[in-house]
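Right, one structure below, let's go through it.
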């Protein structure tokens, strides 16, 4: 052993007051260090000690937090929120790899034809799709249990939205770095991405989890086709001009207000159907 | 014997789905202990359980459970805090261990203190006899064990109202017996609504039974009362009696008939299944050998 649990931490552990991530370190260490276990026995009154042993016993069964989970806790995120964030269905490796592959191919295509619009058109759709899939029965196997849990449906939705948006925007950001020759223009996907995601979410209680993002994505592509048909060759498409960006910001703000106003509807009526169909 | 107090009261619950009445004015009362919900496929059992579990609101009608009215935000939240729900097809995150899955559900049930939550997860996994496989990935567990993991998740937080949707489907006889034992234990001191289409489940576990067909309650009472409906209406014959509403060949080679017996028929002691068959609509009760 290269280290041992500090006396103060050991006393806090015995009282059940040691917080994560120090708690996790202590759990792991106590499992393998007889010396610290013996110090723990001397550091606490018998009742508190029994509770500490019981807690340690339970911790031995608990899954080891993932790297991302531990990082989130170190950044100040509560451990239970970190667990919910990392359990977001569309943050599975297969999904992330698919998104990454799509972005790499798009960036290569942009270089090939010298048309950044290819990337700018796709990038806002990825967070929209990711967020749409992050709730509902399609990818969340325990969806039906989550629907009837006391945790407010909107809160769970926001936790997952933040997780997916962070991952999606980070990937898009990395892809942007691969397009330095387009300067700030390469970043003009950001506001449309936020606007599309917020609008998709705001319309979900009314239109459902498939139709709402589908319509929003369709509207985005239609807008781009119309803008393309009216643009001169190699000029910037309207959504990526200053006026277009301002409009995206306004839509994002409006949709966010609407989403907040309809937050309770995520709790009274599930946003999607159930795995086996059935009433919604 | 005194009647136990009513814990769940539903009045006129209706829900249309896909152009049909999944529920059509369902009214019922539940008390502590296990109540069986019997009905053929498509009777509306799962929809009724989803409504009572607050997964979906009814189009019409209302209900209260454990004194909470889910029609209000505060009532819905209070009921969800007192609810354990095992859906018909409980889904699992395939890479989760049994412990991790129940832990995840415990977080959704607002158990935020890590140490207390982990103690609770251990308690419920012990209660369903899964102490030895806590650290095993769910995808490596048998069907019966997975159902027990789902039951453990439903038991997190010691809920007063437990809604179980066909938990014994797909289990082999030994697993089914084991599961019945667990449900019986869970029913002590709790209100449990158990959906099933196995009359054996009801006969062995339930102090009350509700029969649902085509979205309507066809019977509500004790299993003995349901069985009594078939008194004098079950008889045996060498050939299937065409006048019988239902008839099937038994292990002895004779036919067991249910319906209005002919004069001089050899009457048999009725079972719960006989009473159930007689309670269903004539369209759905024709059973062939």
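Key figures for this structure:
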item: Elements of type strands (runs of 3 or more DSSP E) in the range B:203-251, at least 3 residues being surrounded by 17 or more Cβ atoms within 10 Å (Cβ to Cβ) and under 17 Å from the mean Cα position of the chain (by Cα); result: B:208-213, B:216-221
item: Condition check for residue A:123: touching a residue at least 40 places away in the same chain (Cβ under 8 Å) and out of contact with any helix residue (DSSP H, G or I) (no Cβ under 7 Å at 6 or more places or on another chain); result: no
item: Residues of the range A:159-175 satisfying the condition of being touching a helix residue (DSSP H, G or I) at 6+ places or on another chain (Cβ under 9 Å) and closer than 19 Å to residue A:120 by Cβ; result: A:165, A:168, A:169, A:171, A:172, A:173, A:174, A:175
item: Extreme residue, surrounded by the fewest Cβ atoms within 10 Å (Cβ to Cβ), among residues of the range A:100-155 that are outside any helix (DSSP H, G or I) and more than 14 Å from chain B (Cβ to nearest Cβ); result: A:114
item: Enumeration of residues in the range B:51-79 that are farther than 16 Å from residue B:191 by Cβ, within 9 Å of chain A (Cβ to nearest Cβ) and free of Cβ contacts under 8 Å to residues at least 40 places away in the same chain; result: B:55, B:57, B:73, B:76, B:77
item: Residues located in the range A:185-233, provided they are in contact (Cβ under 8 Å) with a residue 60 or more places away in the chain and more than 21 Å from the chain's Cα centre (by Cα); result: A:185, A:186, A:188, A:220, A:221, A:224, A:228
item: Qualifying positions in the range B:22-34 - surrounded by fewer than 24 Cβ atoms within 10 Å (Cβ to Cβ) and either part of a strand (DSSP E or B) or within 10 Å of the chain's Cα centre (by Cα) (or both); result: B:24, B:25, B:27, B:28, B:29, B:31, B:33
item: Residues that are in a loop (DSSP other than H, G, I, E, B) and at the interface with chain A (Cβ under 8 Å from one of its Cβ atoms), drawn from the range B:80-104; result: B:87, B:88, B:89, B:90, B:91, B:92, B:93, B:94, B:96
item: Whichever residue in the range A:81-99 is assigned to a loop (DSSP other than H, G, I, E, B) and buried (at least 20 other Cβ atoms within 10 Å of the Cβ) and, among such residues, is modelled with the highest pLDDT; result: A:87
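The values are calculated or read from the model by the stated rules, or taken from the named source; none is laboratory data. Just so it is clear, the structure is predicted and the values come from calculations on it, not from any experiment. Note that we place each Cβ from the backbone using ideal geometry, even for glycine, and neighbour counts take in every protein chain shown.
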